[in-house]
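S.K.: Okay, here's the structure, questions in a sec.
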Amino acid sequence: QVQLVESGGGLVQAGGSLRLSCAASGNIFRPNVMGWYRQAPGKQREWVASITTGGWANYADSVKGRFTISRDVAKSTLYLQMEGLKPEDTAVYYCNTRPAVNAWGQGTQVTVSS
């Protein structure tokens, strides 16, 4: 059974940093491209970043240069290091494969105050 558990969110001032983690189980992590997504209040969920099994990363233009995605295969854990946070980064952050499958976790709330 696939399970994705996100953690690491919180309240931070603009310009601050956070590191998100996603623990994956159920043999979803190793063979797949993994990604981070986010959903802001009143908006649709959007893709933020993804990383291939070989470690190649891609980012949405809105976070490029500020966020860094990484993965620890041994721990089946995905990370998102977020620097230079802006109020518009406020959202619930989720991890999933890319393209996403129907196995969304609860997400972790990131709130950036101005």
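The values are calculated or read from the model by the stated rules, or taken from the named source; none is laboratory data. Worth saying up front: this structure is predicted, and the values here are computed from it rather than measured. Cβ coordinates were reconstructed from backbone atoms using ideal geometry, including for glycine residues, and neighbour counts include every protein chain displayed. The accessibility values were calculated without ligands, DNA or RNA, using every heavy atom of the protein model including side chains. Shrake-Rupley method; radii C 1.70, N 1.55, O 1.52, S 1.80 Å.
S.K.: Of all the Cα-Cα pairs you can form in segment 23-87, what percent are over 21 Å apart? Write down the numbers at each step before the final one.
M.R.: Details: 531 of 2080 pairs.
Distances greater than 21 Å cover 26 percent of the Cα pairs.
S.K.: Now, a different point. Over the chain, with the other protein chains present, what is the accessible area per residue in square angstrom, probe 1.4 angstrom?
M.R.: Numbers: 6090 Å² over 114 residues.
Value returned for the chain: 53 Å² of accessible area per residue.
S.K.: Determine the principal axes of the Cα atoms in segment 1-58, then give the extent along each, sorted from largest to smallest and rounded to whole angstroms.
M.R.: Each principal axis gives a Cα extent; for segment 1-58 these are 36, 26, 22 Å.
S.K.: Sticking with this one: If the cut-off is a Cα-Cα distance under 27 Å, which lysines reach Lys75, setting aside same-chain residues fewer than 8 apart in sequence?
M.R.: Lys64
S.K.: A further question follows. At 0.36 nm per residue, and after removing the present C-alpha to C-alpha distance, how many nm does the segment from Asp61 to Ala14 gain when stretched out fully?
M.R.: 15.1 nm
S.K.: Take the solvent-accessible surface of the protein heavy atoms, probe 1.4 Å, and return the percent of it on the chain that carbon and sulfur atoms account for. Provide the component values of the computation, followed by the final result.
M.R.: On the way: 2880 of 6090 Å².
Here it works out to 47 percent.
S.K.: May I ask you to list the aspartates and glutamates whose Cα is less than 16 Å away from that of Lys43, ignoring any residue fewer than eight positions away on the same chain?
M.R.: Answer for Lys43, where 16 Å is the Cα cut-off: Glu88, Asp89, listed by chain and number.
S.K.: Same structure again: When ranked by the protection proxy of mean other Cβ atoms within 10 Å per residue, highest first, what sequence do the peptides 12-23, 98-109 form?
M.R.: Numbers: 12-23: 16.3, 98-109: 14.7.
Ranked from most to least packed, the peptides come out as 12-23, 98-109.
S.K.: Suppose the chain between Val33 and Glu83 were pulled fully straight at 0.36 nm per residue; how much longer would it get relative to their current alpha carbon spacing?
M.R.: 15.7 nm
S.K.: Relative contact order (percent) for the chain, with alpha-carbon contacts under 8 angstrom and 6 or more residues of separation? Can you show the working numbers first?
M.R.: On the way: 278 pairs, mean separation 42.2, N = 114.
With pairs under 8 Å counted, the relative contact order is 37 percent.
S.K.: So which aspartates and glutamates pass the test for Lys86, namely a Cα distance under 19 Å, with those fewer than 8 places away in the same chain ruled out?
M.R.: Reachable aspartates and glutamates: Glu46, Asp61.
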